Amino acid sequence: MISPELLLQNSVDGIFLGLFYSLVAMGLALIFGVMDIINFAHGDLLMIAAYFVWLTSVDLSVDPTVTALLLIPLFFIIGIGIFFGMIQPVLGKEPLIQIAVTVGLGLILQNIALAMFKAQPKAVPYSIFNFSYSLGPLTIYASKLFIAVISIVTMYALNVFLNKTYIGLAMRSTTDNREVAQLMGINTRMLYAVTFGLGVALIALSSSLWMTFGQVQPYLGTSFSLISWVIVAMGGLGGITGVVYSGLIVGVAESLGSLFLTPSARMAVVYIIFFLVLWFRPRGLFGRR
Amino acid sequence: MVAFGTGSKKIALELLVIAILLAVIPLVLMGNAYYELLAATVVLFSSMVVAWNIIGGYAGQLDLGAFAYVGVGGIITSELWIKAGIPPLLGIFAGGAASLLIAVIIGIPTFRFGIKEVWYALLTAALVVIFNNLSRVLMGPTDYYLPPKTGILYLKFNSYEIMYAIASVILILTVLANLAIERSKIGYYLKSIREDELAAEMIGIDTRRYKLYALMIYSFFLGVMGYIYIVLAASFSYRMFDSSSSLSIAIMGIIGGLGSIEGGIVSAMVLRSLGEYFRSSFGSTVPGLDLLLYGIVLVIVGIFQPEGIAGIINRINKAMKKKR
């Protein structure tokens, strides 16, 4: 029998995980919403960024959280580079072509990582958040709490950015209607480049957070890509709140799934929910269009 | 697509060419068992790509779930033999039917609720993971082995040459099914759905039904191939529900060119053989070179040659016609 303490513990862990997932999916939602590009390499970019975190924090002996300061600008530039090199040529092409190119990019990143770092998982040996609080029957890991807090702060900042700044408003109006946005004098090409850079920079931030408690191996990206897409599908482009709620659903479902079934079957629960959402709410749970 | 033309004489000729090529390969390999196993695997993969062409190429639905059907068909056939003693010669049809049943259960709501493009791709990719996780719970992490019997009744032989012949027969049957679809009403309906689903619906095509037909045919063929896959791999486990293998079937289909049988065969044979070569030569020092190659080819095809290998074949055909 599952004790209520265990249930509570897993729910809390699931909420923390869900907030992190929504941060990961946010970049994807932004890219898909603004520029209609289907990016299947999202998780693999996170995997590469996580290796960067591992390399820098081991070589420079700094905490993984500090590496975010270096990685965010670096990956913003990398993102813009990827946009002009690979994404721009397939803008507006059929979904299948976009999927093919981004799956190709994902395979390239995955196997470069495999060739360079081999398949053994790598973890950062230390983090200042390697301790936990006891709250009655509940154990709260500082690293996971920290990740949840940073995720909330980042999404709040993103919300302000999308609502108050010129670029943010341009992104939102392009999401709503591309042609009209162009008529209003928005340079969509530059906007796309900035959006893609921003999406990839958000991945870099997520990877720094992930490495405070997680491990990285070359196939890490595959599951993150799929989970991010599931969250975007369930969020239904309903803005930041939709992504957060879907992220929470996925996180809690995964956590409770590993409790009620076995840990190896936890993703089945998430994907079965995904099936049901797609079948019965094809526009997503919180969709606008 | 174009190279096959419309005349039935031409089709017979093309099939003959494929059959002769398939027959010559074992002579070149000269009894090396490893190469024969490799050749059988390559031919089996080609048939999977040709089967994928039905749903991915003609109907234009990006299916990333090939190994969900391969796994269900293969495992059902093997379990029927191990548990109930039903010989695989009959069992593979039960396996194919089981895959078809899954396809119907998944396909009806999926097409009913208009799930397409990226959402269809995600759904099918998720299907493989669901089967992987659930079968891990049901079957445990162990590997299962087929009984040591051999013979035509079990579609299992110690000689890889005969396994190669079986794979070749399956490839030819899959090609025939493709040709039959391409030249029938279903084929034209599917192609019109691929080009413009809304327009297809407007002119009165029951798009849901025909997409379901495509999915059913595709899944049945994959289900039948599942058992041969198990015989070649020598064992089976929950790992058969493999996302990256499913993805590589779609990759080879896209690189071959949508709706092109010969493009699919060429791309599967070339990529799979090159991949195996890389894996056997550099697998221990630089793992993943084969998949890196797939990735690079995929990006190049996507950006520069969206019609895939079929586009190249067409161009060669046109150039040859001009010379004449």
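The values are calculated or read from the model by the stated rules, or taken from the named source; none is laboratory data. Bear in mind that the values here come from a model prediction, so they are computed numbers and not experimental data. Note: ideal-geometry Cβ built from the backbone for every residue, glycine included; neighbour counts use all protein chains shown.
Collect the residues in region A:204-243 that are assigned to a loop (DSSP other than H, G, I, E, B) and buried (at least 23 other Cβ atoms within 10 Å of the Cβ), keeping them in residue-number order.
A:Met211, A:Thr212, A:Pro218 - these are the residues of region A:204-243 that are assigned to a loop (DSSP other than H, G, I, E, B) and buried (at least 23 other Cβ atoms within 10 Å of the Cβ).
With the requirement that a residue be more than 11 Å from B:Gln61 (Cβ to Cβ), surrounded by fewer than 24 Cβ atoms within 10 Å (Cβ to Cβ) and more than 9 Å from chain A (Cβ to nearest Cβ), what does region B:101-125 give you?
Across region B:101-125, the qualifying residues are B:Leu101, B:Ile102, B:Val104, B:Ile105, B:Ile108.
Looking at A:Gly85, A:Gly104, can you tell me which residue is within 12 Å of another protein chain (Cβ to nearest Cβ) and surrounded by fewer than 24 Cβ atoms within 10 Å (Cβ to Cβ)?
Checking each option against the conditions leaves just A:Gly85.
What's the total number of residues in region A:254-267 that are surrounded by 21 or more Cβ atoms within 10 Å (Cβ to Cβ) and of a type in the set (A, V, I, L, M, F, W, C)?
1
Hey, which of the helices (runs of 4 or more DSSP H) in region B:212-324, taking only ones fully inside, have at least 1 residues that are at pLDDT 85 or above, surrounded by fewer than 24 Cβ atoms within 10 Å (Cβ to Cβ) and more than 14 Å from chain A (Cβ to nearest Cβ)?
Per the criteria, B:261-282.
Can you go through A:Gly221, A:Gly247, A:Gly235 and tell me which one is within 14 Å of chain B (Cβ to nearest Cβ), farther than 27 Å from A:Gly85 by Cβ and either at pLDDT 90 or above or under 14 Å from the mean Cα position of the chain (by Cα) (or both)?
Being within 14 Å of chain B (Cβ to nearest Cβ), farther than 27 Å from A:Gly85 by Cβ and either at pLDDT 90 or above or under 14 Å from the mean Cα position of the chain (by Cα) (or both) holds for just one of A:Gly221, A:Gly247, A:Gly235, which is A:Gly235.
In region A:250-271, which residues are of a type in the set (S, T, N, Q) and either on the phi > 0 side of the Ramachandran plot or facing chain B (nearest Cβ under 9 Å) (or both)?
A:Thr262, A:Ser264
Sort out which residues of region B:271-324 are in contact (Cβ under 8 Å) with a residue 60 or more places away in the chain and within 11 Å of B:Ile255 (Cβ to Cβ), and write them in order of number.
Once the filter is applied, which keeps residues that are in contact (Cβ under 8 Å) with a residue 60 or more places away in the chain and within 11 Å of B:Ile255 (Cβ to Cβ), region B:271-324 yields only B:Ala310.
Just give me the residues in region A:102-152 being assigned to a strand (DSSP E or B) and under 29 Å from B:Leu122 (Cβ atoms), in sequence order.
A:Lys122
Against the condition modelled with pLDDT of 90 or more and in a helix (DSSP H, G or I), how does B:Val129 come out, does it pass?
So B:Val129 passes the test.
Against the definition (over 30 Å from A:Ala233 (Cβ atoms) and surrounded by fewer than 20 Cβ atoms within 10 Å (Cβ to Cβ)), how does B:Leu90 come out, yes or no?
yes
Would you confirm whether or not region B:152-166 contains a residue that is within 14 Å of another protein chain (Cβ to nearest Cβ), in a helix (DSSP H, G or I) and modelled with pLDDT of 90 or more?
The answer is no, given that none of the residues of region B:152-166 is within 14 Å of another protein chain (Cβ to nearest Cβ), in a helix (DSSP H, G or I) and modelled with pLDDT of 90 or more.
Out of the residues in region B:30-67 that are among the polar types (S, T, N, Q) and under 24 Å from B:Lys185 (Cβ atoms), state the one that is nearest to the other protein chains (Cβ to nearest Cβ).
Looking at residues that are among the polar types (S, T, N, Q) and under 24 Å from B:Lys185 (Cβ atoms), I get B:Gln61.
In region A:14-71, which residue that is part of a helix (DSSP H, G or I) and among the acidic types (Asp, Glu) is surrounded by the fewest Cβ atoms within 10 Å (Cβ to Cβ)?
Checking each candidate, the answer is A:Asp59.
Hey, any hits in region A:121-132 for a residue that's hydroxyl-bearing (Ser, Thr, Tyr), free of Cβ contacts under 8 Å to residues at least 12 places away in the same chain and in contact with a Phe, Trp or Tyr (Cβ under 8 Å, 6 or more places away or on another chain)?
Yes: region A:121-132 contains one or more residues that are hydroxyl-bearing (Ser, Thr, Tyr), free of Cβ contacts under 8 Å to residues at least 12 places away in the same chain and in contact with a Phe, Trp or Tyr (Cβ under 8 Å, 6 or more places away or on another chain).
Identify the residue in region A:276-288 that is at pLDDT 80 or above and buried (at least 18 other Cβ atoms within 10 Å of the Cβ) and, among all such residues, is nearest to the other protein chains (Cβ to nearest Cβ).
Among them, the one singled out is A:Leu278.
Is it true that some residue in region B:173-186 is assigned to a strand (DSSP E or B), surrounded by fewer than 16 Cβ atoms within 10 Å (Cβ to Cβ) and either modelled with pLDDT under 90 or in contact with a Pro (Cβ under 8 Å, 6 or more places away or on another chain) (or both)?
Looking through region B:173-186, none of the residues is assigned to a strand (DSSP E or B), surrounded by fewer than 16 Cβ atoms within 10 Å (Cβ to Cβ) and either modelled with pLDDT under 90 or in contact with a Pro (Cβ under 8 Å, 6 or more places away or on another chain) (or both).
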